[in-house]
1. If you take the charge dipole of the chain about its Cα centre, with +1 on Lys and Arg Cβ and -1 on Asp and Glu Cβ, which of 202, 230, 173 is farthest toward its positive end?
2. Taking the Cα centre of the chain as the origin and placing charges on Cβ (Lys, Arg +1; Asp, Glu -1), which of 262, 182, 7 is farthest toward the positive end of the dipole?
3. Pairing the Cα long axis of helix 252-265 with the longest principal axis of the chain, what angle in degrees results, from 0 to 90 and rounded to the nearest 10?
4. Using only the alpha carbons, work out the radius of gyration and Dmax of the chain in angstrom.
5. For the chain, with the dipole built from +1 on Lys and Arg beta-carbon atoms and -1 on Asp and Glu ones, taken about the Cα centre, which of 47, 69, 211 lies farthest toward the positive end?
6. Using Stokes-Einstein with the Kirkwood hydrodynamic radius over Cα pairs, what translational diffusion coefficient do you get for the stretch 131-280 at 25 °C and a viscosity of 0.890 mPa s, in µm²/s rounded to a whole number?
7. May I ask you to compute the full-extension gain from residue 276 to residue 39, defined as 0.36 nm times their residue separation minus their alpha-carbon distance, rounded to one decimal in nm?
8. Would you mind checking the radius of gyration and Dmax of the stretch 1-105 based on alpha-carbon positions, in Å?
Amino acid sequence: MEQQQQLPEAVNAAGVRATYCNETYGPHERNTFDIWLADSQEPTPLVIFIHGGGFIGGDKSRYYESEDWPRLLEAGVSVASINYRYMNEPPYGILSSMNDSKRCLQYIRNNAEKFNIDKEKIACSGGSAGAGTALWLAFSDDMAEPESEDPVLRESTKIVAAGAFVAQSTYDILRWSEIIGLPAEKSQQELQMIARAFGLNSAKGVDLYAQTDIRNNLDFLKKMSADGAPIFVYNDKEAGIPTNEDELQHHPLHAKALKDRADEVGLEAVVYAPSISLIDESGKDLVEFLLEKFRD
């Protein structure tokens, strides 16, 4: 019998075990999260960390060793780390993964009293796929469903800030060519990958460019407005012509596109991409940025 992989214990960099481990927020087996509650008599702000992995891998242990977590907890901010279904599972596509993260946010809001959370002071952060999800939540209109029979779905999906590390600028992947400055032509293999990300079975016989509903829903760059949540973006990858998918997905020009769009619409954005000389003059790191937003 194949031995099951042993998952790390939910213990942070300061050696503190999660207050609640493997809490369930939905019906899928990966709909779980861990949460560390700050020591406070009053409801606390919360940062939800969303792991990366291209929506096909990774788990909530990704940030257990983050040095940011003890700093947040010491400052009176609670911390959660979540799992979500992968995009190659029903109902398929990037949107299905992000909708799980959305539900987790709503679930915690619905159980704010249990977790001693201030519902009005929740931020999200993550890397790569988790970063894109945080930005999607930051720029989307409130996705609460007031008439839903499920009380979780009635909760707001708005957040006060988003942190994004090596983020993609949009999940309308067809736009990446223009953002990175590459030829727009796509091979059949590339088109098939994009189709799967869009939640389609196949690219054969499908005009992906005409899939406006899904493209618009995934295009958080286009959704960005002055009313969105302020963002912190950090990208330490090298510039140049990408030679593989990793370099394409994490190119620093994604950070520049986010900064340029934020400047265009008037949204606060602290952005760092050193390899293209994009350095925010404030010098703030993620924790300083988030604490400032929780004080506003």
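Only the coordinates and a few stated rules stand behind these numbers; no lab work does. As the structure is a prediction and not an experimental result, all values here were calculated from the model. Glycine gets a Cβ as well: all are built from the backbone with ideal geometry, and neighbour counts include every protein chain shown.
1. 202
2. Ranked along the dipole, the leading option is 182.
3. Helix 252-265 sits roughly 80 degrees off the main axis of the chain.
4. Spelled out, the Cα radius of gyration and Dmax of the chain are 18.7, 59 Å.
5. 211
6. Details: Rh = 16.4 Å.
After rounding, the answer is 150 µm²/s.
7. Working: separation 237, 0.36 × 237 = 85.32 nm, distance 4.09 nm.
In short, 81.2 nm is gained.
8. 14.4, 49
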